[in-house]
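Take a look at the structure set out below.
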Amino acid sequence: MSTLLKIEKVKKSFGGVQALRGVSFEVRRGQIKALIGPNGAGKTTLFHIVTGVEKPNSGVVYFKGERIDGRRPDEVVRMGIARTFQNVQPFAGMTVLENVMTGRHRLIRSGAFRTLLRTRFMRSEEGKVRDEAMQFLEFVGLADCASQDALDLPFGRQRLLELARALATEPELLLLDEPAAGLNTRETSELAELIRKIRDSGVTVLLVEHDMELVMDISDEVVVLDRGEKIAEGPPESIQRDERVVRAYLGGE
């Protein structure tokens, strides 16, 4: 498998606190790769750097061989990287379907003039976007909720909505930030199957997650951070046996 994302010696500090200390690893096409570590290890900071929210102090991030560190978040999305967040953020006052339609925004060609005049082209494109958004709802299992207000969905289904909205941007790489947070055992099991389904559809996945059972179940490889440094990387079975990981993250025997 070819390299899709390459993170090379990335450092980031906030004041006197070093959040990342020269972190390097790669994500290959078709992988589900997990990024784990204790709170404060630098996981979310790394996601921010990959998606353009933060700039590294030094180091380089490549996507499909092109340098992306320092690019704006909207540029990163257009290049093919999407992200979900720890806290679900559906748009208020919009239906479930309309929320997913916003994910198609970067692919819409109608400009402000066509939109204002409601031209035939604009109406046709809007119908196409609506149909495509519905397909993503069907993919995550939310088609029956399309007309509901997004804020009326139970928490677990809001998680699925956020996934559908991210997938609607047609990413090549999907970053999932604690997707199982707040889910019960059944919902977590269903999430695992959905993440595999996303990978099988051709989308590479990089996730931050604290649920170790989920991580070890679905990941091809795991990267472990502790205090901003990479302390281990490899398949789940080797990570479970790594003494440094046990000490830093799993808390003992």
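The values are calculated or read from the model by the stated rules, or taken from the named source; none is laboratory data. Because the structure is predicted, anything quoted here is derived from the model rather than measured. Cβ sites come from the backbone with ideal geometry, for glycine too, and all protein chains shown count toward neighbours.
In table form, for the structure just shown:
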| read-out | value |
| --- | --- |
| Conditions (1) in a loop (DSSP other than H, G, I, E, B); (2) at pLDDT 85 or above; (3) surrounded by 12 or more Cβ atoms within 10 Å (Cβ to Cβ): number failed by residue 110 | (2) |
| Search result, residues across the stretch 212-253 that are under 26 Å from residue 138 (Cβ atoms) and either surrounded by 17 or more Cβ atoms within 10 Å (Cβ to Cβ) or hydrophobic (A, V, I, L, M, F, W, C) (or both) | 214, 218 |
| Pairs with Cβ under 7 Å, 6+ apart, first in the stretch 82-96 and within 20 Å of residue 148 (Cα to Cα), second part of a strand (DSSP E or B) | 95/149 |
| Matching residues, the stretch 151-173, being part of a helix (DSSP H, G or I) and more than 19 Å from residue 102 (Cβ to Cβ) | 155, 156 |
| Failed condition for residue 47, given (1) in contact with a Leu (Cβ under 6 Å, 6 or more places away or on another chain); (2) at pLDDT below 95 | (2) |
| Pairs with Cβ under 8 Å, 6+ apart, first in the stretch 120-131 and charged (D, E, K, R), second at pLDDT below 65 | 125/108; 125/109; 125/110; 126/110 |
| Matching residues, the stretch 201-230, being aliphatic (A, V, I, L, M) and without any contact (Cβ under 8 Å) to a residue 40 or more places away in the chain | 203, 214, 216 |
| Check on residue 68, of a type in the set (A, V, I, L, M), touching an Asp or Glu at 6+ places or on another chain (Cβ under 7 Å) and under 25 Å from residue 179 (Cα atoms) | no |
| Count of residues meeting criterion [in contact with a Phe, Trp or Tyr (Cβ under 9 Å, 6 or more places away or on another chain) and among the charged types (D, E, K, R)] in the stretch 55-70 | 1 |
| Qualifying position, being surrounded by fewer than 22 Cβ atoms within 10 Å (Cβ to Cβ), closer than 24 Å to residue 4 by Cα and either within 12 Å of the chain's Cα centre (by Cα) or not assigned by TED's automatic domain parsing to the domain that holds residue 51 (or both), among 149, 177, 144, 131 | 177 |
| Residue count, the stretch 59-85 (criterion: closer than 23 Å to residue 18 by Cα and hydroxyl-bearing (Ser, Thr, Tyr)) | 1 |
| Residue list for the stretch 113-122, filter: surrounded by 13 or more Cβ atoms within 10 Å (Cβ to Cβ) and either in a helix (DSSP H, G or I) or at pLDDT 95 or above (or both) | 114, 115, 122 |
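This table checks each residue for (1) of a type in the set (A, V, I, L, M); (2) surrounded by fewer than 17 Cβ atoms within 10 Å (Cβ to Cβ); (3) under 23 Å from residue 77 (Cα atoms); (4) in contact with a His (Cβ under 9 Å, 6 or more places away or on another chain).
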position: 139; (1), (2), (3), (4): no, no, yes, no
position: 155; (1), (2), (3), (4): no, yes, no, no
position: 162; (1), (2), (3), (4): no, no, yes, no
position: 189; (1), (2), (3), (4): no, yes, no, no
position: 197; (1), (2), (3), (4): no, yes, yes, no
